[in-house]
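J.: Got a structure for you, questions after.
The values are calculated or read from the model by the stated rules, or taken from the named source; none is laboratory data. Model, not experiment: these values are computed from the prediction. We place every Cβ from the backbone using ideal geometry, glycine too, and count neighbours over all the protein chains shown. Areas reflect the complete protein model, heavy atoms only, side chains present, ligands, DNA and RNA absent. Shrake-Rupley method; radii C 1.70, N 1.55, O 1.52, S 1.80 Å.
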Amino acid sequence: MADAAELAFLPMQSGDLDAVLSIEQISHAHPWTKGNFNDSLAAGHWAYCIRPEPKDAEPGSYLDPKVLWAYCVLYPAVDELHLLNITVAPKLRRLGIAARIMRAIEGIAASRQMPRIILEVRPSNIPAITLYESLGYEKIGVRKDYYPADQASGQREDAQVMAKSINLSA
């Protein structure tokens, strides 16, 4: 099962972007563009494609390591790791994959001696907020008019800023 398979975090490459964009476009009302992802890769952001580990491989199934399960883009700052994008393929949601990815991201932050992870989330994205809160993230602020909400009217949606302190002594 997907919830038992090990996750492989592979550096995102430009050749992965078609698979990434196919998930991004069906997952978000205002998806990142290929240019957004290319800009992140060019800027040196830490971008990962998450697939099942090859040892769990079952070609032709969802355990096929060629199948993209999820991806994330992280921006390393001086004293914090900023989560820019995390998306799980729709057919694999509600299996605990996002929580496992977030715990792995926390491990990345700890290994790089970054004491905090920060992220923005739409207040309307209740499932994501619920996940982040269950993992110990707390609301620390609001970014006004951060997200596009309605292209026709130009309306925008605020972002809820959340953060979690990372234990660096472990």
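J.: Kindly indicate whether any position in segment 110-132 is in contact (Cβ under 8 Å) with a residue 12 or more places away in the chain, surrounded by 19 or more Cβ atoms within 10 Å (Cβ to Cβ) and over 24 Å from L10 (Cα atoms).
T.: Yes, there is a match, as at least one residue in segment 110-132 is in contact (Cβ under 8 Å) with a residue 12 or more places away in the chain, surrounded by 19 or more Cβ atoms within 10 Å (Cβ to Cβ) and over 24 Å from L10 (Cα atoms).
J.: Whether any residue in segment 59-67 is at pLDDT below 95, of a type in the set (S, T, Y), open to solvent by 20 Å² or more (accessible area, probe 1.4 Å) and closer than 30 Å to S124 by Cβ is what I want to check.
T.: The answer is yes, given that some residue of segment 59-67 is at pLDDT below 95, of a type in the set (S, T, Y), open to solvent by 20 Å² or more (accessible area, probe 1.4 Å) and closer than 30 Å to S124 by Cβ.
J.: A further question on this structure: Please tell me if R103 is surrounded by fewer than 17 Cβ atoms within 10 Å (Cβ to Cβ), over 23 Å from W32 (Cα atoms) and more than 12 Å from the chain's Cα centre (by Cα).
T.: No: the conditions fail for R103.
J.: Turning to a different aspect of this structure: Taking segment 1-27, which residues are in a loop (DSSP other than H, G, I, E, B), open to solvent by 60 Å² or more (accessible area, probe 1.4 Å) and at pLDDT 90 or above?
T.: Within segment 1-27, just Q13 meets the criteria.
J.: In segment 150-170, which residues are hydrophobic (A, V, I, L, M, F, W, C), farther than 21 Å from E106 by Cα and open to solvent by 50 Å² or more (accessible area, probe 1.4 Å)?
T.: A152
J.: Then there is this: Output the qualifying pairs, or none if there are none: Cβ atoms under 6 angstrom, residues six or more apart or on different chains, first residue in segment 151-170 and closer than 25 Å to I117 by Cα, second residue open to solvent by less than 60 Å² (accessible area, probe 1.4 Å) and in a loop (DSSP other than H, G, I, E, B).
T.: E157/R122; Q160/P123; M162/Y137; K164/G136; K164/Y137; I166/P115; L168/P115
J.: Turning to a different aspect of this structure: Please verify whether Y137 is open to solvent by less than 20 Å² (accessible area, probe 1.4 Å) and either among the hydroxyl-bearing types (S, T, Y) or under 21 Å from I26 (Cα atoms) (or both), treating the condition exactly as stated.
T.: Criteria met by Y137.
J.: Any residue that is among the small types (G, A, S), open to solvent by less than 20 Å² (accessible area, probe 1.4 Å) and out of contact with any Phe, Trp or Tyr (no Cβ under 8 Å at 6 or more places or on another chain) - is there at least one of those in segment 72-90?
T.: No, every residue in segment 72-90 fails to be among the small types (G, A, S), open to solvent by less than 20 Å² (accessible area, probe 1.4 Å) and out of contact with any Phe, Trp or Tyr (no Cβ under 8 Å at 6 or more places or on another chain).
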